Amino acid sequence: MKHGAAMTHFLFLKPKSVFIQIVPLGTDWAAETYYGEPAKKLGLKYIGYKIMPQESSLYDDYGKDDPVIRDPDSLNDKGWEYTKKNYLQGQNLLDLVEFKLKEVIAREPTLLVMVVGVPNVGKSALINSVHQIAATRFPVQDRLKRATVGPLPGVTQDIAGFKIAHRPSIYVLDSPGVLVPNIPDIETGLKLALSGSVKDSVVGEERLAQYFLAILNTRGTPLHWKYLFEGRNEGSSHQDSIDKPSYNLKDLRHQRSKQPDSSAVHYVGGMISEVQRSLYTTLSEFDGDTEDENDLECLIEQQFEALQKALKVSTRASSEARLMVSKKFLTLFRTGRLGPFILDDVPETDMSL
């Protein structure tokens, strides 16, 4: 795990737990001061493997007689920037870590692996999947334990362990989500809230829906949906003959108790088509500039009205209708019904390279 996350999470490890650290060349003092000594004081079984000069990727880059290899202290004495550039950013540790980790696993009877990430990113769901696969590999003595999951952040309140392997015994630890103390800018906060890492009440469902619509419109995403709902309509021409049940947000969530009947599946699929169609129509007929803030705001207002019809939200007080539209629209996005999305801007790749 990243060292910053390790500094936070090894405080929660139980005494006698195994704490493993690969010490890169030239970082002896920092590794021992920040991790080795605190781990021992916490009662952890600390295993520190110091990378030898011949094992470091720097050995091939500089050679055995260069001060970077022969005398790391002389470079560290010049200041932190030299240490960071040469020994933290300059070394490739992945291959060596993999090799040494296998050695440690062979020696140690138990290994703990902690899953760390921002809230509501799917840590517990990932652990449940790994645990379920592991259960098919070795007999389970007791009832299979599952990590608690939910659609809102903050479900995991404490660290819990799940055994995923024998010989050696490997336990994966589920942990509460962690966020930086201060979110650097408004857009980062909106992305975290839109993905469910921050509670909706902090930002507001309507503002989140507006932000998501702004992303879709500026990227032109609804224009690509034309072929999706056209194809879906061709494959479900008999849909209109099926009685449509009353809509509920729970229809979109995974139900472990029973599978939804065919009418519910067709209804949800039809509703998704209508949502995609409404956004495609409003954007394709829009004659303004999506890069202009005022034009974009007018387009989003039109789309809210179109979504109200597509999502079958009854005409009521304007604020109540907009809130209900926002909640249903966000649920479609978060449950993957509108497809996968990358909220960050991905740089274009030069295909000529």
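The values are calculated or read from the model by the stated rules, or taken from the named source; none is laboratory data. Owing to the predicted nature of the structure, the values given are computational and were not obtained by experimental measurement. A quick note on method: Cβ atoms are made from the backbone with ideal geometry, for glycine too, and the neighbour counts reach across all protein chains shown. Areas reflect the complete protein model, heavy atoms only, side chains present, ligands, DNA and RNA absent. Shrake-Rupley method; radii C 1.70, N 1.55, O 1.52, S 1.80 Å.
A few notes on this one:
- Note on the range 56-103: Kirkwood hydrodynamic radius from all Cα pairs is 11.6 Å, rounded to one decimal.
- Amide N of the range 270-296 lying under 17 Å from the label point, which is placed 7 angstrom from the Cα of E305 along Cα→Cβ: 278-288, 295-296
- Checked against a 29 Å cut-off, the cross-linked pairs K45/K102; K41/K78; K16/K85 give Cα-Cα distances beyond that limit for K41/K78; K16/K85.
- W29, W80, ranked by accessible area, largest first (probe 1.4 Å): W29, W80
- Computing FRET efficiency as 1/(1 + (r/R0)^6) for E187 and R334, where r is the C-beta to C-beta distance and R0 is 30 Å, gives about 0.95.
- Heavy-atom accessible area for H224, with the other protein chains in place and a 1.4 Å probe, reaches approximately 130 Å².
- The length gained by stretching the chain between A135 and K16 to full extension, at 0.36 nm per residue less their Cα-Cα distance, is 40.3 nm.
- Against the criterion of solvent-accessible heavy-atom surface with a 1.4 angstrom probe, Y62, Y46 sort, most first, into Y62, Y46.
- D95 contributes about 110 Å² of solvent-accessible surface, heavy atoms of the protein only, 1.4 Å probe.
- Remark: accessible surface ordering of M324, M271, M114 (largest first) is M324, M114, M271, probe radius 1.4 Å.
- The calculated FRET efficiency for K40 paired with F99, based on their beta-carbon distance and R0 = 25 Å, is about 0.50.
- Within the accessible surface of the range 7-47, defined with a 1.4 Å probe on protein heavy atoms only, the carbon and sulfur portion equals 64 percent.
- T282 accessible area, 1.4 Å probe, all protein chains in place, Å² to nearest 10: 20 Å²
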